[in-house]
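The values are calculated or read from the model by the stated rules, or taken from the named source; none is laboratory data. Just so we're clear, the structure is a prediction, and the values are computed from it rather than from any experiment. Cβ: placed from backbone, ideal geometry, glycine included. Neighbour counts: every protein chain shown.
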Amino acid sequence: MGTGKPSGRDVLARSIKQQGRRVTLSALLGAAHQLGEVSVPVLIGVVIDRAVTRSDGGLLVLWLGVLAVVYVALSWSFRLGARAGERAAEEAAHDLRVALVRRVLDSRGGAETGRLPGELANIATEDAKRVGAVIMALTSGIWACAGVAASAVALLLISLPLGLIVLLGTPALLYAGHLLSKPLERRSEAEQDRAAHASGVAADLVAGLRVLKGIGAQRAAVERYRRTSRDSLAATLRAARAESWQTGLVIALTGGFLTLIALVGGRLALSGDITLGQLVSAVALALFLLGPLEVFAWVNAELAQGRASAARVAEVLAAEPAVASGDAAPTAPVRGAVRLRGVRLEGLDGLDLELPAGELTGVAVTDPADARALLRCLGRDADPEAGHVELDGVPLTSLDPALLRTAILVSAHDAALFEGSLAENVTPLADSGDPEETQRFMAAACADEVARSLPYGDATDVGEGGRSLSGGQRQRVLLARALRAGREVLVVHDPTTAVDAVTEARIAEGIREVRGGRTTVLVTNSPALLAVTDRVVLLDRGRVGAQGTHAELVRDDAAYRTAVLA
């Protein structure tokens, strides 16, 4: 989609421009089809005047042959034109989906801020589809314009008053349809907002279904979704009412317009200003105009909905990145020394913290918000409001976020598993690497026990989000994946909150063994994990409150004992 901050108008314009060749082809073929449609009533009038009224069989056969050729031509032009238009619409929607996914997956983040995952999915599917549909509406509108113009020319040749009625009345009718579509556009935007929010809430509830059942909160969850769904339904009904009023009024105006044409044509025929064949042609052309004019009403509705969807797409594409975009790469080779200097972010209050290269460091917190803020800094999900974070002496803000994450991996305790086998989740890359190494990392995280408990071992499908696994099993698989990634700096947050004490102790030893010589940070208040670290840092009120070995802090620091042992 290019650079800058696109607006809804930009999204529509770029989508149309990118499909310019197909749109042009569809428009030309559709215009040819409309010219053929207009030719039919004109030719019928010619047949009546030159063959039927004169009882000339030879001319009748000749003109019927011409009609047959016109029918074949208009049929094929319609088929090929519609095919090109539909292809352009689908390609445009696909390109938008790709652009949206690229923006959501951008290493700088920001697109997900303030939006539920289901809402983003709705924008990438329904809204992208509606924007693509605008292209088909545009080509259909061009077809209709060609049909109206050809009809006007034909009517001008038949009768000047009839032609003028069409030429002057059609723009007025189009402008009235445009004005009537404004309420629909506003209500369509509200409808899409509510529908996307309802989709997001539904996805959120489904993802947390097991937790909701565990705490007995199903009734509250159902009530929450019911309220959201009612809001969405109300917005949909308002949009439907606006669309029905707009369509009904446009049809009424169109009917009045066609009636006027028929009345004027009848009076001209009675006065002898036009022949019988010309009257038949004029009435047939008036009836033909019903199709293009109905297309105009449909195009107005599609454009109204497409503009609303394009605005929502543009909001995601134009979302401010969560972090600045650096362009440097980490120093090679990465030693893994991390330092925070005067960092302020959320609960962190001028934090100074050294994470030496090759050391296994534990970070305990008195406030969980401090842990989240630290993880966001180290993973560059957010940049500090003040101070800076360095990797091997280089500020993270100067590094490309994507390249930074090849050196630092932050594994959150609530990270997601993907649909697929357990093995594919531990090693999600196409190159699975050394199977023996993978098994070593799985054993360190005790994920090998999970594999042995499943019916097909590590080839067992874990389901969407790993829902077929228990909480403790998911944690072990997530930890195995983090260890298998082999980053020079690994930050792990609460990897064992759902496993038993014996397994936790084994995991602690496993982490120390496989991460020997690499910088590892365990952000946790688990005594078993902290006990195997080289050094523990206690974050208290956003700053370093104490540091030392686990045993020393348990003995000497009351705040640490409260945080870890209470």
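Conditions (1) more than 30 Å from E354 (Cβ to Cβ); (2) in contact with a helix residue (DSSP H, G or I) (Cβ under 9 Å, 6 or more places away or on another chain); (3) without any contact (Cβ under 8 Å) to a residue 40 or more places away in the chain; (4) assigned by TED's automatic domain parsing to the domain that holds D106, marked per residue:
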{"residue": "P384", "(1), (2), (3), (4)": "no, yes, no, no"}
{"residue": "V389", "(1), (2), (3), (4)": "no, yes, no, no"}
{"residue": "A402", "(1), (2), (3), (4)": "no, no, no, no"}
{"residue": "L417", "(1), (2), (3), (4)": "yes, yes, no, no"}
{"residue": "S421", "(1), (2), (3), (4)": "yes, yes, no, no"}
{"residue": "E437", "(1), (2), (3), (4)": "yes, yes, no, no"}
{"residue": "L454", "(1), (2), (3), (4)": "yes, yes, yes, no"}
{"residue": "G465", "(1), (2), (3), (4)": "yes, yes, no, no"}
{"residue": "S468", "(1), (2), (3), (4)": "yes, no, yes, no"}
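Looking only at residues that are surrounded by 11 or more Cβ atoms within 10 Å (Cβ to Cβ) and of a type outside the set (D, E, K, R) in the range 549-561, which one is nearest to E359 (Cα to Cα)? Reasoning before the result, please.
Within the range 549-561, the first condition is being surrounded by 11 or more Cβ atoms within 10 Å (Cβ to Cβ), and the residues that meet it are 549-557, 559-561.
Next, from what is left, pick out any that are of a type outside the set (D, E, K, R): 549-551, 553-554, 559-560.
Numbers: T549: 12, H550: 14, A551: 17, L553: 18, V554: 20, A559: 24, Y560: 21 Å.
Checking each candidate, the answer is T549.
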Just checking, how many residues over the range 358-381 are in a loop (DSSP other than H, G, I, E, B) and within 30 Å of the chain's Cα centre (by Cα)? 3
Mind checking whether some residue in the range 513-526 is charged (D, E, K, R) and within 26 Å of D367 (Cα to Cα)? no
Suppose we keep only residues that are aliphatic (A, V, I, L, M) and buried (at least 22 other Cβ atoms within 10 Å of the Cβ) within the range 485-505. Which one would you say is farthest from H413 (Cα to Cα)? V489
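Quick test for you: out of G45, G58, pick the one residue that is touching a helix residue (DSSP H, G or I) at 6+ places or on another chain (Cβ under 6 Å) and of a type in the set (G, A, S). Even if it seems obvious, please write down each step before you answer.
Numbers: G58 fails: touching a helix residue (DSSP H, G or I) at 6+ places or on another chain (Cβ under 6 Å).
Answer to the selection: G45.
Can you confirm whether L105 is surrounded by fewer than 18 Cβ atoms within 10 Å (Cβ to Cβ), assigned by TED's automatic domain parsing to the domain that holds I142 and in contact with a Leu (Cβ under 6 Å, 6 or more places away or on another chain)? If you could, list the steps in order and put the result at the bottom.
Details: surrounded by fewer than 18 Cβ atoms within 10 Å (Cβ to Cβ): yes; assigned by TED's automatic domain parsing to the domain that holds I142: yes; in contact with a Leu (Cβ under 6 Å, 6 or more places away or on another chain): no.
The answer is no for L105.
Report, by residue number, each residue of the range 247-278 that is in a helix (DSSP H, G or I), touching a residue at least 60 places away in the same chain (Cβ under 8 Å) and not β-branched (V, I, T).
The answer is L249, L253, F257, L260, G265, L268, L276, G277, Q278.
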Go through G277, G266, G350 for me and flag whichever is at pLDDT below 80, in contact with a Lys or Arg (Cβ under 9 Å, 6 or more places away or on another chain) and over 30 Å from G516 (Cβ atoms). G277
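For the range 461-558, please list each of the strands (runs of 3 or more DSSP E) lying entirely inside it that holds at least 3 residues being modelled with pLDDT of 90 or more. Steps first, please.
Values: elements: 489-493, 519-523, 535-540, 543-548.
In the range 461-558, 489-493, 519-523, 535-540 are the strands (runs of 3 or more DSSP E) which contain 3 or more residues that are modelled with pLDDT of 90 or more.
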Reported set for the range 244-301 where residues are surrounded by 15 or more Cβ atoms within 10 Å (Cβ to Cβ) and among the hydroxyl-bearing types (S, T, Y) is T247, T254, T275, S281
In this structure, does A528 turn out to be in the same structural domain as P356 (by TED's automatic domain parsing), small (G, A, S) and more than 23 Å from A357 (Cβ to Cβ)? yes
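Every residue, every condition in (1) aromatic (F, W, Y); (2) touching a Lys or Arg at 6+ places or on another chain (Cβ under 8 Å); (3) buried (at least 23 other Cβ atoms within 10 Å of the Cβ), yes or no:
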{"position": "F418", "(1), (2), (3)": "yes, no, no"}
{"position": "L422", "(1), (2), (3)": "no, no, yes"}
{"position": "E436", "(1), (2), (3)": "no, no, no"}
{"position": "L454", "(1), (2), (3)": "no, no, no"}
{"position": "G457", "(1), (2), (3)": "no, no, no"}
{"position": "T460", "(1), (2), (3)": "no, no, no"}
{"position": "G463", "(1), (2), (3)": "no, no, no"}
From the list A304, A217, which residue is touching a helix residue (DSSP H, G or I) at 6+ places or on another chain (Cβ under 9 Å), of a type in the set (A, V, I, L, M, F, W, C), modelled with pLDDT under 70 and farther than 20 Å from I165 by Cβ? A217
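Could you look through the range 303-334, keep only residues that are charged (D, E, K, R) and buried (at least 20 other Cβ atoms within 10 Å of the Cβ), and pick out the one that is farthest from A128 (Cα to Cα)? Spell out the reasoning first.
Going through the range 303-334, the residues charged (D, E, K, R) turn out to be 307, 312, 315, 320, 327.
When the remaining residues are screened for being buried (at least 20 other Cβ atoms within 10 Å of the Cβ), the result is 307, 312.
Details: R307: 11, R312: 9 Å.
Restricting to residues being charged (D, E, K, R) and buried (at least 20 other Cβ atoms within 10 Å of the Cβ), the top hit is R307.
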